[in-house]
Each structure stands twice: as C-alpha cells, then as structure tokens.
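Working notes for the structure below.
The values are calculated or read from the model by the stated rules, or taken from the named source; none is laboratory data. Everything numeric here is computed off the predicted structure, so don't read it as measured data. Positions of Cβ are generated from backbone atoms using ideal geometry, with glycine treated the same way; all protein chains shown enter the neighbour counts. Note: areas computed on protein heavy atoms with side chains; ligands, DNA, RNA excluded. Shrake-Rupley method; radii C 1.70, N 1.55, O 1.52, S 1.80 Å.
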Amino acid sequence: MRRRYTWHIFQSIEYSGEQAQIKLYNFLGYLMDNFTPSSNERNLISHIFRENEVCQDAEWERYFCYKNIQVPEIYSGPHLCFPLTVEQAVGLVEAFRNKKQLHSRYVLQLLLETWKLLRMLPNISRISTCHSKEITICGDLHGQLEDLLLIFYKNGMPSLEKPYVFNGDFVDRGKDSIEILIILFAFLLVYPTEVHLNRGNHEDHIINLRYGFTKEVLTKYKMHGKRILKLLQKIFSWLPLATVIDQKVLILHGGISDTTDLGILVKVDRHNYVSALRPPKKKFQSSSRTSIDSEADDDCGHHRLFQRRASLTCMKNLASRGNFLNRSLQDFSDRIKVDKEDEVKVCQQGAALLDAGIDPVAKGVDASFDPVVSDSAKEEWKQILDLLWSDPMSQDGCIPNELRGGGCYWGPDVTEDFLGKHHLQLIIRSHECKQDGYEFCHNRKVLTLFSASNYYDVGSNRGAYVKLGPNLVPYVVQYQASSMTRELTVRQSVGKTERSALKVLREQLFSHKSDLICAFKRLDGKNTGLLSLNDWASAVESVMRLGLPWRMLRSQLVTSKTADGLIDYHEWFNELAIKGANADHIDQGLLETLYRHRSTVETIFRIVDTDNSGFITMEDFRQTWKLLSVYLKMEITDDAISDLAVTIDSNHDGSIDIDEFMEAFRLTDKKSRLERGRSMFMATTTDLSALEGDANV
C-alpha cells in the first residue's frame with residue numbers, strides 16, 4: 001500500500017504538470033489567434049508559433065551551415081568526419097561516458113545529416129525479424145544517459161546483427177538529453193536500416209520549454225545553441241510516427257483511439273506538426289517572402305500574413321473529444337476582448353484581395369487572418385495527437401485523457417477492434433513510467449515499455465527493454481542503472497522513495513495554503529480552527545484534486561491533532577511551512593502564486609527570452625506577470641510586480657537573470673530526479689551527489 005500511494009503521488013503530480021503545460025499552450029494559442037499582431041502580448045509569444053516558416057529546405061540548410069564554425073586546437077572532445085563510421089559512433093558513446101562534450105560544429109553537421117536522412121523515411125517504418133535473430137525495443141530514456149549506456153552494456157550496441165527501435169521521449173527531465181540524441185542519430189546514420197526512431201510527445205519544442213531540454217542545450221552550447229534547437233525542431237517533426245515488425249507488431253509512443261487509422265497516418269505530412277499540441281494553420285505565401293539569409297540568426301519568414309482566425313471558432317461545445325483540449329479556453333473568454341465585427345471586416349477584405357491575386361500586405365490590409373483549419377487537417381492532427389499522448393485503460397470505450405490534458409484513454413475493446421482491422425497481434429507503447437519497467441494490459445495485447453530507471457527518484461522504478469525474435473513473443477529485460485538501489489532492501493527502497501514523495505506532497509500542499517484555508521473554513525462553521533479527519537480529507541481533495549487516499553496519508557502529513565482526533569489546521573500549516581526566499585516585504589499572495597506555478601512562470605520566462613540570453617528586461621518581466629495574471633484569472637497589482645522586480649534585480653542593471661530568479665524562490669535546496677532540468681514540481685533528495693556517473697557499465 002505504501003508503494004502504491006507513493007507511486008500515485010509522483011504520477012498525479014507529473015500528469016498535472018503536463019496538463020498545466022497544455023493549458024498554458026492553449027491559452028497562448030488563443031492569444032495568437034485573437035490578439036492583433038501589433039499587441040504587446042502577441043509580440044511576446046509569437047516566436048514560439050512556427051506557422052509561417054515558408055523557407056525552402058535549401059535556405060534552411062544555409063542557415064544551419066557549420067562550415068564557418070572553427071574548432072580550436074585546445075578542443076579535446078571527439079572529432080567527426082562524414083560519412084560517419086561505426087568506430088566514430090562507438091567513440092561518441094565512450095566520450096560521453098567520460099563526460100566529454102561534442103563541439104557545436106560537429107553537432108550541427110551531424111544534425112544536418114540526420115535531417116537529410118529523416119526526410120527520406122516513411123511515416124511508418126516496416127522492418128522484419130527474418131534478417132536477424134531478434135530486434136531490441138527501448139522505451140522512454142528522458143535524458144538519462146546512464147540507462148542507455150547500461151542497455152548497450154547488457155545488450156550490445158546497434159549493428160547489422162543487433163537492430164534497435166527507440167520509441168520516443170529521448171529528451172527532457174534528465175541532464176544528458178543532447179548526448180542521447182547525438183548517440184542515437186550517429187547510429188542511425190551508420191545503420192539506417194537497423195536503427196529506427198519513433199517520435200514521442202517530448203520531441204516537441206513547446207514541451208521542451210518546460211521540462212528542461214531547451215535550457216540544457218542553451219547551457220551546453222551558449223554560442224550556437226539557438227541554431228541547434230532550431231534544427232532539432234525540424235528533426236523532431238521528421239521523426240517517423242511508428243514502426244511495424246513483421247506486419248504483426250505495432251510500436252508507437254503513446255497509443256491509439258477509436259478513430260486511429262494507419263491508412264491515414266501513412267499519408268500525413270508529419271513535418272507540418274512541429275508541435276503536436278496545435279493543428280497546423282493553412283498558410284498564404286506572399287510573393288515577397290523573406291529570405292532566411294537576411295535575418296541574422298533569427299527565424300525565417302516573419303511575414304505576418306493572415307495569422308488570425310476570423311472568429312472564435314475554437315469556442316465550440318467542449319463536450320466532444322475532438323476539441324476537449326480547448327476546454328480551458330472558456331476560462332479566458334471573459335478576460336480577453338476581441339472586436340469581432342472589425343475582425344470579420346478584415347477577413348472579408350483579405351479574402352477579396354487574395355481572390356483577385358493581390359498581396360493584402362501591399363494594400364495595407366491587416367493581414368493577420370488565418371482561415372479555420374480544414375476538417376481533413378483536424379483529423380490528421382487528431383490522429384497524431386492520439387498517437388503521441390494516449391494511455392490504455394482497463395474499461396471498454398474511449399474517453400478524453402483528462403489527467404494529461406491530451407490524447408485519450410482507450411479500452412480493451414478498442415484494442416481488439418484496431419488489431420483486427422489492421423491484422424496485428426500486439427501493440428508496444430511507452431509514455432508511462434511503470435514500477436517494473438514494463439506492464440501488459442488488454443489481455444496481453446498491449447505492452448507498455450519504459451527504459452528510464454529511477455525516474456521519479458532513486459529506487460522508484462526499474463527500466464526495461466524488450467527483445468523480439470521471429471516468434472514475436474516479447475522477452476523483457478529489466479535493470480536499474482544506479483548501484484545504490486541494488487544495495488537497498490525492498491523495505492529500505494520503498495521507505496526512501498516514500499519520504500521523497502511525501503516531501504513533494506507537503507510542498508504542494510503548502511503552496512496551496514490560501515485555497516486550503518478557504519476550504520477548511522467553509523467546513524469549520526464555528527471558526528474553531530479544528531476539523532474532523534473526514535472533513536480535512538474532503539477539503540484537501542477538493543483543492544488538490546490528486547485522487548490520493550488522504551485519510552490514510554493523514555498520519556504521514558499531520559502530527560498536530562487534539563486528544564479527540566481533530567486536526568488543528570492552522571498549526572498544520574506551521575508544520576508544513578518551508579523556509580524559502582527572504583521576501584517578507586513581497587505580497588504573500590504573489591509569493592504563493594509563484595511557488596504554486598513555478599514551472600509555468602519559468603516556461604513563460606523562457607518564451608519571453610526571445611534571444612535565449614537567460615535575461616529579460618524589466619519591462620518584459622512586468623509583461624510576463626501581466627500575461628500570467630490573465631492566465632490564472634487573478635489580479636496582480638503593478639506595485640506587487642515592481643516590488644518583486646526590485647527584489648530580484650539586486651545589481652540594479654535593469655534586467656532579470658531567469659536562473660537566479662527561479663533559484664531565489666525554490667522551496668527546497670535540491671532537486672529530485674524528476675525535477676532535474678526544471679520538470680514540474682519542487683522535490684528533493686539527499687542522494688543526487690552520489691548518482692553522478694553511477695551507472696553500472
């Protein structure tokens with residue numbers, strides 16, 4: 001039971017973080033669709049929406065050119081020459097094992113070669129076991145290089161005799177995401193018919209903003225990090241969507257829905273979905289298209305041509321699964337004013353000019369309208385979203401995946417129908433951390449595979465990979481990358497992980513103090529400051545909505561209770577209080593907002609930091625908080641924002657250091673494995689120092 005609720009704590013908070021990121025992106029997309037191009041809010045966020053990149057591949061290749069980057073003589077890392085050899089690929093593995101870093105010239109060159117290769121691959125890779133004894137399939141790695149090294153140690157590196165399928169989510173959360181990509185891409189270039197990479201939901205620049213990969217690349221490659229990230233966006237959009245083995249086993253990252261159709265997925269233009277969280281917009285291309293060469297190290301095609309929708313078409317009945325992702329947008333409709341009549345007029349003017357073959361921009365028309373996405377495009381988008389984000393459930397049917405905020409939950413009946421329709425016998429998917437590294441469901445017709453061990457914290461889970469031979473019977477190999485976990489007894493391991501999960505939970509509770517106090521007072525009619533266990537548990541769940549067994553957790557979370565078992569909730573908050581920043585003069589409501597939405601705040605900061613310098617101006621800082629106040633539907637006064645800005649700008653240089661700002665308001669001193677790379681919540685562990693380089697290889 002302790003192991004179960006510990007797992008539930010970690011998983012509930014993980015999924016709530018993903019849901020928060022999708023809601024934030026929907027909100028920003030709403031602003032993009034309905035604010036005028038000249039508005040401050042739109043200018044802050046427009047660069048993350050890659051909807052008007054009309055450059056040809058040749059122009060992009062010039063932009064990503066590496067030839068002008070010099071490798072200094074003092075560089076001691078690996079050197080690459082192309083075409084790559086197996087010796088060079090193996091050399092990269094050894095170099096990264098020894099904490100070396102690949103020079104940015106070679107990174108760009110390798111990524112450019114990878115992009116060229118991926119553009120030739122089909123949406124669904126089809127491979128066979130007849131050319132080898134077995135194929136190895138790996139699940140999520142999430143930047144944990146020690147797991148990949150351990151897999152190669154136990155199973156062997158990719159080769160003609162040892163084909164691999166890597167099933168997405170190579171990046172984010174872990175600290176070595178770029179190294180994992182470089183290794184996988186190197187082996188892909190050496191063995192293009194033996195190494196197969198599927199796209200995961202984290203191969204998405206919007207998700208990378210929150211979960212650490214963007215920051216990792218910009219930290220490791222300060223000079224050319226922006227170009228590297230831009231090229232990776234291209235690469236991610238060209239990754240194949242699925243792999244089929246012997247026409248019988250389907251491997252995809254998330255899952256399926258009751259409308260998933262491989263016939264449609266085979267035909268989609270997958271590269272249009274740079275982010276799977278937003279359907280691609282139909283583009284109007286102007287004859288005066290901007291060349292990438294005219295913009296120094298910046299995005300191409302900033303011709304803001306017809307980007308805004310004609311009406312609030314996204315505000316439909318939100319009960320259907322097809323558009324449930326937009327459900328949170330209704331929360332913002334009363335805060336954002338759109339002049340519909342003016343917008344319709346602009347649309348009519350623009351459409352008339354286009355029909356006449358005239359560039360609306362040349363005629364001075366506000367060319368910010370983008371027509372509604374076609375039904376076929378929406379269907380394609382839904383197919384990809386379901387494939388990358390869905391999870392299986394035990395009951396029949398297909399329902400929205402409300403926990404994650406994207407994709408669906410599908411049942412055994414949907415699996416049976418899908419397998420029968422496509423003449424398949426097994427689905428192998430990843431996307432969910434499992435305690436044993438794998439899990440069968442749906443009458444053993446669906447296998448979940450997760451390869452990042454110790455994912456939530458040291459000892460929280462094993463990793464696993466699968467070997468599949470000609471008989472197509474999965475053989476699962478489990479492992480744990482840290483020797484520390486193998487030295488613990490089961491009771492010690494559960495206790496250690498439980499303590500870490502409870503600390504995370506206490507911090508979450510403390511950051512919701514105001515809402516919890518309100519909920520307690522509603523049940524405490526006489527204002528005694530005391531609540532029964534049942535009332536306390538009911539109030540906590542009404543605020544936190546984590547679905548946890550609060551009555552059972554009471555003994556772990558609450559020590560201050562009266563002789564007759566009542567809970568003194570004021571004293572309880574004193575117990576929960578966590579020493580944070582010295583900010584007594586800052587509005588407490590603002591501080592609580594910061595603690596609670598810390599990852600969302602940092603994500604917006606990263607978006608506003610358009611030049612990826614790690615600094616934002618004081619004015620952008622204020623605009624960020626105004627944006628956040630609309631998103632959270634709360635009033636944050638200018639005075640409160642100014643007090644916060646002055647506190648952070650300690651050297652009075654008029655700019656805010658994003659990293660220093662976030663560290664100043666961290667609730668704890670250290671990060672759990674799940675928060676490495678800025679994941680989604682404030683957790684801690686005392687064992688991080690012992691983890692570095694501790695893979696059993």
When Ser514 is evaluated against the numbered criteria (1) surrounded by 15 or more Cβ atoms within 10 Å (Cβ to Cβ); (2) in contact (Cβ under 8 Å) with a residue 24 or more places away in the chain; (3) in a helix (DSSP H, G or I), which criterion, by number, is the only one it fails? (1)
So how many residues does region 152-185 have that are open to solvent by 10 Å² or more (accessible area, probe 1.4 Å) and of a type in the set (Gly, Ala, Ser)? 2
Region 599-654, residues that are open to solvent by 40 Å² or more (accessible area, probe 1.4 Å), over 22 Å from Ile22 (Cβ atoms) and part of a loop (DSSP other than H, G, I, E, B): Thr610, Asp611, Asn612, Ser613, Glu635, Thr637, Ser650, Asn651, His652, Asp653
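Looking only at region 191-208, which residues are over 13 Å from the mean Cα position of the chain (by Cα) and open to solvent by less than 10 Å² (accessible area, probe 1.4 Å)?
Kept after step one, since they are over 13 Å from the mean Cα position of the chain (by Cα), are these residues of region 191-208: 191-198.
Within region 191-208, Val195, Leu197, Asn198 qualify.
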Looking at (1) without any contact (Cβ under 8 Å) to a residue 12 or more places away in the chain; (2) part of a helix (DSSP H, G or I), can you tell me which one Pro72 breaks? (2)
Pull up region 63-81, narrow it to residues that are of a type in the set (Ser, Thr, Tyr) and either open to solvent by 100 Å² or more (accessible area, probe 1.4 Å) or out of contact with any Cys (no Cβ under 9 Å at 6 or more places or on another chain) (or both), then point me to the one that is modelled with the lowest pLDDT. Tyr66
Counting only residues that are in contact with a helix residue (DSSP H, G or I) (Cβ under 6 Å, 6 or more places away or on another chain) and either surrounded by fewer than 20 Cβ atoms within 10 Å (Cβ to Cβ) or not hydroxyl-bearing (Ser, Thr, Tyr) (or both), how many does region 495-508 have? 5
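Can you find, within region 386-431, the residue that is least open to solvent (accessible area, probe 1.4 Å) among those that are among the hydroxyl-bearing types (Ser, Thr, Tyr) and in contact with a Pro (Cβ under 9 Å, 6 or more places away or on another chain)?
Thr415
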Give the residues of region 217-261 that are assigned to a helix (DSSP H, G or I) and either open to solvent by less than 20 Å² (accessible area, probe 1.4 Å) or on the phi > 0 side of the Ramachandran plot (or both), sorted by residue number. Val217, Gly225, Ile228, Lys230, Leu231, Leu232, Ile235, Phe236, Ser237
Screening Leu188, Leu149, Leu117 for residues that are part of a helix (DSSP H, G or I), open to solvent by 10 Å² or more (accessible area, probe 1.4 Å), of a type in the set (A, V, I, L, M) and touching a Leu at 6+ places or on another chain (Cβ under 8 Å) leaves only Leu117
